[in-house]
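The values are calculated or read from the model by the stated rules, or taken from the named source; none is laboratory data. Source: prediction; values computed, not measured. FYI the Cβ positions are ideal-geometry reconstructions off the backbone, even for glycines, and counts take in every protein chain you see.
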Amino acid sequence: MLSRDFLTLEGVGREELREVISLARTHADGRLSHPLDGKTVCLAFFESSTRTAVSFDLAARRCGADVISLSEKGSSISKGESLIDTVVTLDRLGADALVLRHPAAGASMLAARHTEAAVINAGDGCGQHPTQALLDLYALSEAVGGFDELEGRRVAIAGDILHSRVARSVIPAFRAAGMDLAIVAPLTLLPQEADAWGVPILDSVDGALEWGADVVYLLRLQNERMNGRSPRVPSVGEYARFYGVARRHLRDGLLVMHPGPVNRGVEIAGDVVLDGASLVPGQVAAGIAVRSAVLTLATGATHEVAA
Ligand code: ASP
């Protein structure tokens, strides 16, 4: 549930989503000036990130917060300090919000038990990535004319579902927004829990278009989470033919999404990434407004501004 902490979107409700999306719109329109004045936001990224780290940083600064950035290299994590001790340290130094990216699923939940600061999960292993799904909803609702217009849209989520924290946040969030979902993936890239999601499982992007997809949401092949194991797909070229989007798939009204970073030519053909059908640049741009909204909600700052 969305609360002071933003840890997971499992069980999120439609009205909670609407609240974040409309607050993000308020931020995008510049109608909240420095809601985080006097607050301290700590960005602790213990796994690589470009979009999420930069947009959280910009969001926090534009909202007027003091920002502390921490990565594994250069922090005492590299000396062997535990996550809990790190979190307690940041808490005692006065963090109001802790934005945490970590390679272990569940790390944010653990952190939240050891601090008074609001914890925002910025991606935990194969667990959850709530702010990604929120910004996806924002970008998509902007593209279709508003949050209520999402209802009934058909979204096919294609690719490496097994390793994707994005999928685990997007699925409950898109569902709660009233969209119909299908999954497109080879069996080797499906988690065991996929059956319990109760959505059709399709075997190609062509199949998704026959199913009537309005949106194809591609997920990256996460090679860094497959290390040391036998390959999950026999050939990347063959994978791209069945599970990637090429120009030949584009048709009137079809939207293509991807959380980035894109393996060009694998999930999305190089000439489609920045095509008019692609929401990828819009997803990136949505990051600042949506993360500003999340930071203000998490720290309770909106209520202080409204008062
Ligand atoms: N940027 C997203 C994440 O951090 C998706 C990806 O890496 O493929 O989960």
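At a glance:
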{"quantity": "Pairs with Cβ under 8 Å, 6+ apart, first in the stretch 254-277 and over 16 Å from ASP136 (Cβ atoms) and touching a residue at least 24 places away in the same chain (Cβ under 8 Å), second aromatic (Phe, Trp, Tyr) and within 16 Å of the ligand (Cβ to nearest atom)", "calculated": "VAL266/TYR239"}
{"quantity": "When residues of the stretch 222-274 are limited to those that are hydrophobic (A, V, I, L, M, F, W, C) and at pLDDT below 95, the one surrounded by the most Cβ atoms within 10 Å (Cβ to Cβ)", "calculated": "VAL233"}
{"quantity": "When residues of the stretch 222-255 are limited to those that are within 16 Å of the ligand (Cβ to nearest atom) and assigned to a loop (DSSP other than H, G, I, E, B), the one nearest to ALA156 (Cα to Cα)", "calculated": "GLY244"}
{"quantity": "Odd one out for SER204, checked against (1) more than 19 Å from the chain's Cα centre (by Cα); (2) polar (S, T, N, Q); (3) within 26 Å of HIS102 (Cα to Cα)", "calculated": "(3)"}
{"quantity": "Any pair with Cβ under 7 angstrom, 6 or more apart, that starts in the stretch 150-167 at a residue that is without any contact (Cβ under 8 Å) to a residue 60 or more places away in the chain and within 16 Å of the ligand (Cβ to nearest atom) and ends at one that is outside any loop (DSSP other than H, G, I, E, B) and among the β-branched types (Val, Ile, Thr)", "calculated": "ILE161/ILE183; ALA167/ILE157"}
{"quantity": "Residue count, the stretch 119-149 (criterion: in a strand (DSSP E or B) and within 16 Å of the ligand (Cβ to nearest atom))", "calculated": "5"}
{"quantity": "Test result for VAL284, under 30 Å from PHE6 (Cα atoms), touching a strand residue (DSSP E or B) at 6+ places or on another chain (Cβ under 7 Å) and either part of a helix (DSSP H, G or I) or not charged (D, E, K, R) (or both)", "calculated": "no"}
{"quantity": "Pair list, Cβ < 9 Å and 6+ apart or interchain, from the stretch 117-131 residues that are over 14 Å from VAL170 (Cα atoms) to residues that are at pLDDT below 95 and within 10 Å of the ligand (Cβ to nearest atom)", "calculated": "GLY125/ARG225"}
{"quantity": "Residue check for SER55: within 22 Å of ALA24 (Cα to Cα), of a type in the set (S, T, N, Q) and either part of a helix (DSSP H, G or I) or within 14 Å of the ligand (Cβ to nearest atom) (or both)", "calculated": "yes"}
{"quantity": "Inter-residue pairs, beta-carbon under 7 Å, first of a type in the set (Val, Ile, Thr) and in the stretch 177-204, second at pLDDT below 95 and in a helix (DSSP H, G or I), 6+ apart", "calculated": "ILE183/ALA194; ILE201/ALA194"}
{"quantity": "Residues of the stretch 1-10 satisfying the condition of being within 16 Å of GLN132 (Cα to Cα) and not hydroxyl-bearing (Ser, Thr, Tyr)", "calculated": "MET1, LEU2, ASP5, PHE6, LEU7, LEU9, GLU10"}
{"quantity": "Residues satisfying the stated conditions in the stretch 1-43, i.e. within 15 Å of LEU295 (Cβ to Cβ), touching a helix residue (DSSP H, G or I) at 6+ places or on another chain (Cβ under 7 Å) and among the small types (Gly, Ala, Ser)", "calculated": "ALA24, ALA28"}
{"quantity": "Single residue of the stretch 210-221 satisfying the filter (surrounded by 19 or more Cβ atoms within 10 Å (Cβ to Cβ) and away from the ligand (no atom under 16 Å from the Cβ)) that is nearest to the chain's Cα centre (by Cα)", "calculated": "VAL215"}
{"quantity": "Given (1) under 23 Å from THR26 (Cβ atoms); (2) out of contact with any Leu (no Cβ under 8 Å at 6 or more places or on another chain), number of the condition GLY74 does not satisfy", "calculated": "(1)"}
{"quantity": "Of all residues in the stretch 70-112 being part of a strand (DSSP E or B) and within 16 Å of the ligand (Cβ to nearest atom), the one that is nearest to SER292 (Cα to Cα)", "calculated": "VAL99"}
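Yes or no, residue by residue, for (1) surrounded by 15 or more Cβ atoms within 10 Å (Cβ to Cβ); (2) more than 20 Å from LEU135 (Cβ to Cβ):
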| residue | (1), (2) |
| --- | --- |
| PRO35 | yes, no |
| VAL41 | yes, no |
| PHE45 | yes, no |
| SER55 | yes, no |
| GLY64 | yes, yes |
| ILE68 | yes, yes |
| GLY80 | no, yes |
